[in-house]
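One structure below.
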Amino acid sequence: MKATAKAHTNIALIKYWGKRNEAIILPTNNSLSLTLDGYYTTTTVEFDESLSQDQFILDEQIASGEQYNRVTAFLDIIRQMAGKQLFANVTSVNEVPTAAGFASSASGFAALAAAGSKAIGLHLSEKELSRLTRRGSGSACRSIYGGFAEWEMGMREDGEDSYAVPIAPANYWDIRVAAVVLSATKKSVSSRTGMRRTVETSPFFQGWLDSISYDLAEIKQGIKARDFQKVGEIAEANCMKMHATTLGAKPPFTYWHDTTLVVMQKVWEMRSQGIPVYFTIDAGPNVKVLYLPEHEAYIEQTLGELQGVTDIRLSKPGQGITYI
């Protein structure tokens, strides 16, 4: 009873920011993302009758604490679905900086859900797998699919209608993302804590929610038409609105570093010079820059010369779940 799965991370162009139910991870709004080929997690799960507890090795290190607890809690959901009480060996290799704003939990839990469910004998559809994956990490439910995917918030309190659906496959549009790495250090405010604080205390939060339906409708039109300017403008504005909610929280906080602002300003400068380029930022300091293939060399060089930039990782649209 063993399976290995590979899942890629995704970058939200319409952000997921806020939960209406923390226990089973139900969001306050729909979100839309692009799966990336440059960052991924490969996970092997083997259920073994001889084990008396789960074992979790992440990047060749025995995991403990919150990391271990989240994995075992998620395996409990899989065990309950399968009606089997077997413990597992889990080995995971993460090609994503952990807890630095690159959605490592997205690729991590998508790979864990795919490998775990297959290893225990469940035969899940993509919709069922996405719904399961959501229970580990909300954004992970979008990594089931390649290309563009939308996480539908749903209306039911049991979460049965909250899962991701595909919008356009990886080969639909060659849009590129440069992940500008400024810091690989762990965030001082986790996404989960930041979300909760924002929902409970920020006076800007309702305005954020009220803007989502328009942003979603417009960006989906842009994707359908392969209108890069439209997609870029909406993604960048949506990102700025999300981060504005954190400044209104009590106490206020931000995920940005000083170099985050330097990269943002450089993107604006390049755009003023006629180069179509936009940015988006998740819950971390690092910036993801959207561009088209013909501008890749110039953008990589220009951003790489900025002080404080430690690395630039280039990505194309990535595939969904694959089994190895």
At 37 °C and 0.692 mPa s, grab the translational diffusion coefficient of region 227-291 from Stokes-Einstein with a Kirkwood Rh over Cα pairs, rounded to a whole number in µm² per second.
266
Over 23 Å, how big is the tail of the calculated P(r) for region 33-132, in percent of all Cα pairs?
23
Mind running the shape call on region 179-281? Use the C-alpha gyration tensor, a ≥ b ≥ c as the square roots of the eigenvalues: rounded below 1.5 for a/c, prolate if a/b tops b/c, oblate otherwise.
oblate
Can you work out the Karplus-derived ³J(HN,Hα) for every residue in region 295-302? Use 6.51 cos²θ - 1.76 cosθ + 1.60 with θ = phi - 60°, whole Hz, and x for glycine or proline.
9, 4, 4, 5, 5, 4, 5, 5
I want to verify a result. In a Gaussian network model of the chain, Cα cutoff 10 Å, which of these has the top mean-square fluctuation: Glu305, Glu126, Glu296?
Glu305
The chain, Gaussian network, Cα under 10 Å: of Ile212, Ile144, Ile14, the residue fluctuating most is Ile212
Given a 1.4 Å probe and every protein chain left where it sits, what share in percent of the accessible area of the chain is carbon and sulfur?
50
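Could you tally the net charge around Met155, taking each other residue with its Cβ under 11 Å from the Cβ of Met155, Lys/Arg +1 and Asp/Glu -1?
Summing Lys/Arg as +1 and Asp/Glu as -1 gives -3.
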Evaluate the charge dipole of the chain about its Cα centre and quote only its size in Debye, nearest 20, assuming +1 on the Cβ of each Lys and Arg and -1 on the Cβ of each Asp and Glu.
420
Sort out for me the Cα centre separation of region 71-85 from region 262-319, rounded to whole Å.
41
What residue among Arg226, Arg20, Arg271 has the largest mean-square fluctuation in a Gaussian network model of the chain, using Cα springs under 10 Å?
Arg271
Take every Cα-Cα distance within region 42-90, group them into 10 Å bins from 0 onward, and report for each bin the whole-number percent of pairs it holds.
26, 60, 14, 0
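Rounded to the nearest 500 deg cm²/dmol, what is the calculated helix-only ellipticity per residue at 222 nm for the chain, with -39500 (n - 2.57) per DSSP H run of length n ≥ 4?
-12000 deg cm²/dmol
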Under the classification rounded if a/c is under 1.5, otherwise prolate if a/b is larger than b/c and oblate if not, where does region 42-194 fall, given a ≥ b ≥ c as square roots of the Cα gyration tensor eigenvalues?
oblate
Computed from the mean reciprocal separation of all distinct C-alpha pairs, what Kirkwood hydrodynamic radius does region 159-209 have, in Å?
15.4
Violations at 18 Å Cα threshold for listed pairs Lys19/Lys230; Lys127/Lys224; Lys84/Lys118; Lys186/Lys316; Lys118/Lys316; Lys15/Lys220 -> Lys19/Lys230; Lys127/Lys224; Lys186/Lys316; Lys118/Lys316
Debye log10 I(q)/I(0) at q = 0.11 Å⁻¹ for the chain, Cα point scatterers
-0.66
For region 203-231 and region 147-183, distance of Cα centres in Å
13
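The values are calculated or read from the model by the stated rules, or taken from the named source; none is laboratory data. This one's a predicted model, so the numbers in the text were calculated from it and none came from an experiment. Ideal geometry is used to build each Cβ from the backbone, glycine not excepted, and the neighbour counts take in all protein chains shown. These accessible areas exclude ligands, DNA and RNA; they are computed on the full protein's heavy atoms, side chains included. Shrake-Rupley method; radii C 1.70, N 1.55, O 1.52, S 1.80 Å.
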